[in-house]
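Worksheet: one structure, shown below.
Values in this text are rule-based calculations from the coordinates and carry no lab data. Quantities reported herein were computed from a predicted structural model and do not represent experimental measurements. Every residue, glycine as well, gets a Cβ built from its backbone with ideal geometry; the counts of neighbours run over all protein chains shown.
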Amino acid sequence: MTQTLFLSYSWNDTSIADKLDNIFQPTGLEVKRDIRYLGYKNSIKDFMTTIRDTDFALLIISDNFIKSANCMYEVLELVKEKNYKDRVLPVVMDGTKIYSAVDRLAYIQYWTKQYKELQVLLSTIKPTDVLELLKELKHIENIKTNIDEFLAYISDVNIPRYSSLSDKNFKPILDYIGVSDKELISKILSIAKLSTDDEKEIALDNLETEYPNNAKVFVAKAINCFRIGKIPVSSHYYRKSIAIDSTFSPAFYNLAFNVEVYEKNYSEAKRLLEIAIKLSPNDVKSLNNLAGLYSKELSNPEKAKELYEKVIAIKPNDFDAHYNLATLIAREFPKDNDIAKEHYETAIDINPEFVEALHNYAILLSESYEDFNGAINSCLRILEIEPERKETLKLIGSLYEFDMKDFTLAKTYYDRFIAITPNTAKQHNYYVMFLIAHCLPEFKELAIEHYEAACELDHSFKNDATEIFLYDL
């Protein structure tokens with residue numbers, strides 16, 4: 001019977017959870033994770049209680065984890081089991097302070113404060129009106145009462161920190177679980193750390209000799225070939241892996257990517273992704289990629305929208321789904337721009353430094369809502385991140401020129417835009433037209449300078465009417 005591993009983590013540590021998920025999936029364990037097992041409108045608490053039914057629980061312990069009510073709910077469910085200490089696999093993130101009494105006391109104080117604040121708020125309301133919140137208060141009280149014992153246990157046992165476990169290819173955990181192929185998996189992880197491509201390729205060839213016709217080895221070779229640009233060879237190894245094990249969904253997902261992006265065989269990519277999703281119905285990576293395929297190459301925006309919405313139902317903080325759904329709606333369903341706006345805002349909350357989301361949001365605000373100040377603020381946020389992003393400099397310049405009628409600020413941003421596109425005749429000519437419309441005669445010499453630069457780069461921009469206007473002014 002397949003052993004199960006429950007992955008417990010704070011969503012703020014999703015990137016670490018993704019890494020551990022990818023490491024433990026090939027072990028033969030069934031990795032039970034919210035994004036795959038928590039379906040649309042399913043109870044989160046019901047899912048969290050299933051931690052008691054799994055063979056092992058991998059806890060990514062961080063400051064975020066210890067301060068998360070949901071994570072601590074999972075811990076409290078687990079400690080109800082008499083043998084929970086035998087099943088807990090803690091991974092303590094570097095920098096998490098739990099090893100001294102003072103460190104642990106800080107967390108007890110944190111939960112005591114959470115309890116008292118909610119207790120004071122609830123004391124002003126009739127108990128019959130806040131039954132669910134009273135349950136939440138009881139939950140926080142349980143955390144406050146039990147967190148000391150749990151942290152004392154974690155700090156007392158010999159647990160290497162995350163970086164140390166990573167250096168050892170997580171072998172201490174693989175050994176403890178007793179997974180099949182643990183030596184093979186450890187070897188694959190070791191090969192990934194070799195310095196040169198030649199070393200990796202030779203080591204993987206030797207590994208194939210040692211483990212002939214092994215699906216995991218073929219996937220490892222496929223990933224390495226993809227990394228060094230040997231895409232057809234990568235696809236070849238994915239197909240060999242699938243021929244041996246037709247239930248390994250990551251092989252289908254990765255092969256679908258190769259087939260879509262490099263072979264341009266969109267119907268085959270669709271087929272492979274559908275198999276990956278059938279094997280792992282809540283795999284958001286496969287769902288996102290299939291949605292993207294429907295959105296662009298297969299020209300089926302309705303289906304794409306449905307799939308992005310499914311991803312968000314499974315994983316509400318999935319940045320890619322929110323951003324791509326917003327872009328899809330703005331392009332294909334303009335009557336639903338309020339929904340597009342909402343998804344852009346959610347995407348930006350999740351990843352406030354993704355400039356494409358900020359840029360598209362600025363365009364939506366200006367074109368659909370005439371919220372020019374909001375659009376400018378979004379552009380300014382982009383320029384804090386990428387001061388020389390030419391698309392944004394031109395956009396904010398045009399907002400000041402056409403919508404705010406502030407030609408001084410428009411010129412400021414156009415100046416910056418031209419400075420980073422000095423060899424583009426079209427941009428020089430655009431700037432000349434702006435200067436003629438709004439900034440003459442004060443900037444006549446500047447207009448002449450850019451007109452001559454445009455003509456030197458592209459003679460087609462030479463225009464008698466423009467010359468008469470500039471030189472006779």
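Considering only Cα-Cα distances, which of the following residue pairs are longer than 18 Å: LYS305/LYS341; LYS19/LYS285; LYS32/LYS303? Intermediate values should be presented prior to the final figure.
Values: LYS305/LYS341 15 Å; LYS19/LYS285 14 Å; LYS32/LYS303 28 Å.
Where the Cα-Cα span goes over 18 Å, the pairs concerned are LYS32/LYS303.
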Amide hydrogen neighbours beyond the local backbone of ILE61, cut-off 5 Å, H modeled: VAL91, VAL92, MET93
Rounded to the nearest 20 debye, dipole of region 4-175 from Cβ charges on Lys, Arg, Asp, Glu: 180 debye
Relative counts (whole %) of C-alpha pair distances in the chain, using bins that are 10 Å wide: 4, 15, 20, 21, 18, 12, 7, 3, 0, 0
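Which FRET efficiency value, to the nearest 0.05, do you get for TYR369 and MET433 by plugging their Cβ-Cβ distance into 1/(1 + (r/R0)^6) with R0 = 22 Å?
Numbers: r = 27 Å, r/R0 = 1.25.
The computed FRET efficiency comes out at 0.20.
Treating the beta-carbon of each Lys and Arg as +1 and of each Asp and Glu as -1, no other charges, what is the dipole magnitude of the chain about its Cα centre, to the nearest 20 debye? Mind dumping the intermediate values first?
Numbers: 56 positive and 74 negative charges, 373 e Å.
Approximately 1800 debye in magnitude.
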For region 4-175: span of alpha carbons on each principal axis (Å, largest first): 54, 41, 31
Under 5 Å, built H, 5+ apart or other chain: amide partners of LYS32: LEU5, PHE6, LEU7
C-alpha long axis of helix 14-24 to longest principal axis of the chain, angle in °: 50 degrees
Amide H within-cut-off set for PHE333, under 5 Å, with H built and near neighbours excluded: none
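Can you tell me what the convex hull of the Cα atoms of region 109-179 projects to on average, as an area in nm²? It would help to have the intermediate numbers written out before the result.
Values: hull surface 28.8 nm².
Result: a mean projected hull area of 7.2 nm².
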Loop trypsin sites (Lys or Arg not before Pro), region 248-330 (other Cβ atoms within 10 Å of the site Cβ: 13 or fewer; DSSP): LYS264
Under 22 Å from LYS411, Cα to Cα: lysines that are on another chain or at least 8 residues apart: LYS390, LYS394, LYS426, LYS444
Extreme residue, positive dipole direction of the chain, given options ALA437, ALA152, PRO127 (C-beta unit charges): ALA152
Whole-Hz ³J(HN,Hα) from phi, Karplus 6.51 cos²θ - 1.76 cosθ + 1.60, for region 55-68, glycine and proline x: 6, 9, 10, 8, 9, 8, 8, 9, 4, 4, 4, 5, 9, 9
Hits among aspartates and glutamates - C-alpha to C-alpha of LYS116 under 16 Å, sequence gap 8 or more where chains match: GLU136, GLU141
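In deg cm²/dmol and to the nearest 500, what is the mean residue ellipticity at 222 nm of the chain if only DSSP H runs of at least 4 residues count, each as -39500 (n - 2.57), divided by the residue total? Numbers along the way, then the final one.
Details: 27 runs with 321 residues, N = 473.
Dividing the helical sum by the residues of the chain leaves -21000 deg cm²/dmol.
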Charged-residue dipole, Cβ positions (Lys, Arg, Asp, Glu), region 194-281 about Cα centre, Debye nearest 20: 380 debye
Nonlocal Lys pairs with alpha-carbon distance under 18 Å, region 194-281 (8 or more apart, or different chains): 9
